[in-house]
Amino acid sequence: MTSDHSKTGHPIKLGGVHHAAYRCRDAKETVEWYDRVLGMEYTSAFSEDKVPSTGEHDPYMHVFLDAGNGNVLAFFELPTQPEMGRDGNTPVWVQHLAFKVGSEEELLAAKKHIESEGIDVLGPTHHGIFKSIYFFDPNGHRIELAADIGTPEQYAELKRVAMPMLEEWSLTKKAPRHADWLHSANE
């Protein structure tokens with residue numbers, strides 16, 4: 001297994017994430033929130049009474065936002081479906097959307113701006129090779145903003161130990177210690 005995007009011999013050559021889609025309670029509120037809080041530009045929408053892929057009757061509004069660097073975040077409002085919820089068996093901190101900011105200074109400025117919007121922000125949290133803040137959008141989706149702070153050597157070491165960590169985890173289901181050095185910088 002490799003993370004090299006130019007993996008030779010594989011029949012699929014991915015060009016990145018076209019868009020990531022989530023559900024929202026209110027498309028207009030969501031578009032306005034992401035513009036106001038995160039500066040995302042609303043770029044397009046699709047709306048149908050029938051789902052193109054399945055043919056089932058299920059009216060929806062599908063909105064698309066520019067998340068920078070060619071990345072697109074999309075939402076579906078589904079007014080005829082039961083109220084949206086979340087997986088109660090998964091801790092709230094697990095499922096989240098993480099966006100990159102350019103520096104620690106930008107991260108702190110973002111925190112100040114988001115808090116000025118009346119939104120509770122957790123962090124910054126130090127993850128060894130990046131620092132991040134966390135908050136929730138109006139739909140209950142957890143959002144993370146992250147600023148990379150790692151060195152090329154640190155990223156190379158993480159890549160080197162990735163497979164041994166996965167193999168050990170698969171056998172023991174206990175946290176491997178290969179990258180403990182990430183947390184020693186916090187102490």
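Annotations
- With 27 Å as the limit, the listed pairs 100/174; 131/174; 131/159; 28/100; 13/131; 13/159 have 100/174; 13/131 beyond it between alpha carbons.
- Protection proxy ranking of 120-131, 36-47, 79-90, by the mean of other Cβ atoms within 10 Å over each peptide's residues and highest first, is 120-131, 36-47, 79-90.
- Note on residue 46 and residue 109: with the Förster distance fixed at 41 Å, the Cβ-Cβ geometry gives a FRET efficiency of about 0.75.
- For the chain, taking the reciprocal of the average inverse distance between every pair of different Cα atoms yields a Kirkwood hydrodynamic radius of 19.3 Å.
- Entry note, the chain: relative contact order of 16 percent, from Cα contacts under 8 Å with a spacing of 6+ residues.
- Were the residues from residue 160 through residue 80 laid out at 0.36 nm apart, the gain over their Cα-Cα distance would be 24.0 nm.
- Over the stretch 6-108, the alpha carbon radius of gyration divided by the compact-protein estimate 2.2 N^0.38 Å works out to 1.29.
- Whole-number D in µm²/s for the stretch 114-187 (Stokes-Einstein; Kirkwood sum over Cα pairs; 4 °C, 1.567 mPa s): 90
- Local net charge near residue 40, Cβ-Cβ under 13 Å (Lys/Arg +1, Asp/Glu -1): -4
- For the stretch 96-129, the set of GluC sites (Glu not before Pro) satisfying both a DSSP loop assignment and a count of at most 16 other C-beta atoms within 10 Å is given as 117.
- Average silhouette area of the stretch 77-148, convex hull of alpha-carbon atoms, in square nanometres: 5.9
- When only Cα pairs below 8 angstrom with a gap of at least 6 residues are kept, the stretch 88-163 shows a relative contact order of 34 percent.
- Heavy-atom accessible surface of the stretch 69-187: percent carbon and sulfur, 1.4 Å: 56
- A straight Cα-to-Cα reach below 14 Å connects residue 112 with the aspartates and glutamates 104, 120, residues fewer than 8 places away in its own chain not being considered.
The values are calculated or read from the model by the stated rules, or taken from the named source; none is laboratory data. Because the structure is a prediction, the values reported are computed rather than measured. Cβ sites come from the backbone with ideal geometry, for glycine too, and all protein chains shown count toward neighbours. Side chains included, ligands, DNA and RNA excluded: accessible areas come from the protein's heavy atoms. Shrake-Rupley method; radii C 1.70, N 1.55, O 1.52, S 1.80 Å.
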